[in-house]
Each structure stands twice: as structure tokens, then as C-alpha cells.
């Protein structure tokens, strides 16, 4: 069951977090509020994740053969890639190190493709480096390949 959805920087949506309860969910809103964008993003994700199961029966032997197919090889898995600060830098009650500024943070998780070692073609795809964006309070790990694509 899908219990929640978080979108960031998709079309008009800067950041959106939804929680779903068991049962039927209805989305309502004014024209241009982003309902279709939300549904399109959810459809794209589910389309990528779905597995199509098909069966065929041989007319002569009546043997049934099942096949399973995905859009792409590999599996999408959640990957923790860093933290985003959700408070200002300062002191916290009972913090262990009183000399070091403290900030509350939440985990940043993305979806990534799980690859077996024999499928790795470029070592830079698995080597990570840290990246700090102080304007947005982000502390991230990225592959060397994605860092190069971004131009840093």
C-alpha cells in the first residue's frame, strides 16, 4: 500500500508531502493547483516500477508458460544520499559537544538503480563524494558521474 509521497522540484511543485490513509483518496483543488502534475509523477513512477506478467498456452501440448517483463533491467531501491538541515545552526539542550554548532536535520532519500557488480561499466558510477549547499542547508553524497554532469 502506498502510504506517502514526497515530490520536490517537479514542474510547478517546489515541495509537496502527502500521506495516504487506507481506503479511497480524492485529490481536489483549483485549476492550476497541480493535481495533474502530481498524478503524472505518480504514474511515471508506477509505470517504471511495474512488472508485466503474461501467460501463453501452447495449443498442442496445452503447456502454460509464464513470463515477467519490466521496462528496464535492474531494480529501483531507496538510497540515503544525505541530510537537509531543518533548523538554524546553534546550540541544543544536552548536546554532547557544546563547542560544535548543532542543527536538526532530516534524511534525504532518492530512488536509485540497484546494480550487481558485474554490471558496473564505469568506476565513477560507484564512487561518491560529498557536496554541501549552504544556501539550502543540504549535505549530500553524489557519484562522481552525477557531479560532473552538474558541472562541478
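The values are calculated or read from the model by the stated rules, or taken from the named source; none is laboratory data. These numbers come from a predicted model, not from an experiment. Neighbour counts are summed over all protein chains in view; Cβ atoms, including those assigned to glycine, are modelled from backbone coordinates with ideal geometry.
Taking the listed residues 45, 76, 111, the one that is in the same structural domain as residue 6 (by TED's automatic domain parsing), touching a strand residue (DSSP E or B) at 6+ places or on another chain (Cβ under 9 Å), closer than 27 Å to residue 17 by Cα and modelled with pLDDT under 80 is 45, with no other qualifying. Residue pairs whose Cβ atoms lie under 6 Å apart, separated by 6 or more positions or on different chains, with the first residue in the stretch 112-130 and closer than 26 Å to residue 84 by Cβ and the second surrounded by 10 or more Cβ atoms within 10 Å (Cβ to Cβ) and at pLDDT 85 or above, are 128/141; 130/141. Here residue 7 does not qualify as farther than 17 Å from residue 78 by Cα, touching a strand residue (DSSP E or B) at 6+ places or on another chain (Cβ under 6 Å) and surrounded by 12 or more Cβ atoms within 10 Å (Cβ to Cβ).
Checking the structure you have, find out if any residue of the stretch 85-101 is in contact with a strand residue (DSSP E or B) (Cβ under 7 Å, 6 or more places away or on another chain), surrounded by 12 or more Cβ atoms within 10 Å (Cβ to Cβ) and not in a loop (DSSP other than H, G, I, E, B). Yes: the stretch 85-101 contains one or more residues that are in contact with a strand residue (DSSP E or B) (Cβ under 7 Å, 6 or more places away or on another chain), surrounded by 12 or more Cβ atoms within 10 Å (Cβ to Cβ) and not in a loop (DSSP other than H, G, I, E, B). For the stretch 135-145, which positions are closer than 20 Å to residue 102 by Cβ and out of contact with any strand residue (DSSP E or B) (no Cβ under 9 Å at 6 or more places or on another chain)? Once the filter is applied, which keeps residues that are closer than 20 Å to residue 102 by Cβ and out of contact with any strand residue (DSSP E or B) (no Cβ under 9 Å at 6 or more places or on another chain), the stretch 135-145 yields only 135. Among the residues here, residue 32 does not qualify as surrounded by 10 or more Cβ atoms within 10 Å (Cβ to Cβ) and either on the phi > 0 side of the Ramachandran plot or part of a strand (DSSP E or B) (or both). The set of residues in the stretch 14-26 that are in contact with a strand residue (DSSP E or B) (Cβ under 9 Å, 6 or more places away or on another chain) and either assigned by TED's automatic domain parsing to the domain that holds residue 108 or surrounded by fewer than 13 Cβ atoms within 10 Å (Cβ to Cβ) (or both) comprises 14, 15, 17, 19, 20, 25.
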